[in-house]
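**Q** Take a look at the following structure, please.
The values are calculated or read from the model by the stated rules, or taken from the named source; none is laboratory data. Every value quoted in this text rests on a predicted model; they were computed, and no experiment measured them. Note that each Cβ is placed from the backbone with ideal geometry, even for glycine, and that neighbours are counted across all protein chains shown. Surface accessibility is based on the protein's heavy atoms, side chains included, excluding ligands, DNA and RNA. Shrake-Rupley method; radii C 1.70, N 1.55, O 1.52, S 1.80 Å.
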Amino acid sequence: MLSDMDETGSDRHVDSVFHRPQRRRRSQPALSRERIVTATIALLDREGASALTMRKVAAELGVHATSLYWHVDRREDLVDLAVDEILAEAASRLPSADLPWDVALKETAQRFYSALTAHTWAAEFAGSRPLVGPNAVALSRRIIEALAALGGEEEKRAVAIRAVSNQLLGAATSAVAMRVARSGGAGEHEEAVASAVSEADALAVENTYFDQVLDLIVLGIKARHGA
């Protein structure tokens, strides 16, 4: 995620659907990458991450599965495109360059987190796939640029990038796991709460405290940089 980008915000070029040129349309003029992404998100929202297959997306579109391969090479391409699409709105409203670094960082991180947790599957996939789509890169770059304003040692900034990245992915994954546990019945969730060793631990089981933890991270970054 953030740590997969260098200090200038350039993403490392892995084998990704975002780095392959789109093929020109051939015999299926009505089928496009945009339609495929929309159908993929609809399927994921309705049936969850485990249901995603090329065949099911094709059925969602009313086409044969082989038609999809003109636009995407594999299931992972569908995942990457869908995750980046749900980040589009957050990426379109990046904080302005004249904001203080900590305000810009928190606003960007909050939008990133909200977008990931709006779809249960997005947080699940984001923790296991490189986020190298244009919207993910734009959000990540804004956080890295905010931290770059601090100056100082490269390693200190790298640690800060890692801290924010871990908070984003960890909190998003925890939030959707809580949601799934609650929706699956009270038993699993209540068992987790009951196993807490203190009242504070129980509260931590019940809440991600994303904003509060992010504030704590920012305070730590300021302390380390003398800001």
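**Q** Can you run phi through the Karplus equation (6.51, -1.76, 1.60; θ = phi - 60°) for segment 134-145 and list ³J(HN,Hα) in whole Hz, with x for Gly and Pro?
**A** x, 6, 4, 5, 4, 5, 5, 4, 5, 5, 5, 5
**Q** Which whole-number percent is the relative contact order of segment 93-226 (Cα, under 8 Å, 6+ apart)?
**A** 29
**Q** Step through the residues of segment 121-132 one at a time and calculate ³J(HN,Hα) from phi using the Karplus curve (6.51 cos²θ - 1.76 cosθ + 1.60, θ = phi - 60°), rounding each to whole Hz and writing x for Gly and Pro.
**A** 5, 5, 5, 4, 6, 4, x, 10, 10, x, 8, 10
**Q** Show me, for segment 92-104, the HN-Hα J-couplings you get by feeding each phi into the Karplus relation (A = 6.51, B = -1.76, C = 1.60, θ = phi - 60°), rounded to Hz, glycine and proline as x.
**A** Those phi angles translate into 7, 10, 5, x, 5, 5, 8, 6, x, 4, 6, 5, 4 Hz.
**Q** Now a separate question. So for each of 96-104, 125-133 I average, over its residues, the number of other beta carbons within 10 Å; can you give me the resulting order with the highest mean first?
**A** Averaged packing, sorted descending, gives the order 125-133, 96-104.
**Q** Per q in 0.11, 0.16, 0.19, 0.22 1/Å, what log10 I(q)/I(0) does a Debye calculation on the alpha-carbon atoms of segment 80-227 return?
**A** Here log10 of I(q) over I(0) equals -0.46, -0.90, -1.14, -1.34.
**Q** How high is the relative contact order of segment 67-138, in percent, with contacts defined as C-alpha pairs under 8 Å that are six or more residues apart?
**A** Result for segment 67-138 is 44 percent.
**Q** Here is a follow-up. Strictly greater than 17 Å: what percent of every Cα pair in segment 36-120 meets that?
**A** 53
**Q** Just to verify a number: what accessible area does T173 come out at with the full protein assembly present, 1.4 Å probe, Å² rounded to tens?
**A** Roll a 1.4 Å probe over it and T173 shows about 60 Å².
**Q** For segment 131-180, report the convex hull volume of the alpha-carbon atoms normalised per residue, in Å³, without decimals.
**A** Residue-normalised Cα hull volume stands at 80 Å³.
**Q** Determine the share of segment 38-156's accessible area contributed by carbon and sulfur atoms, expressed in whole percent, with a 1.4 angstrom probe.
**A** Summing carbon and sulfur atoms, their accessible area is 50 percent of the total for segment 38-156.
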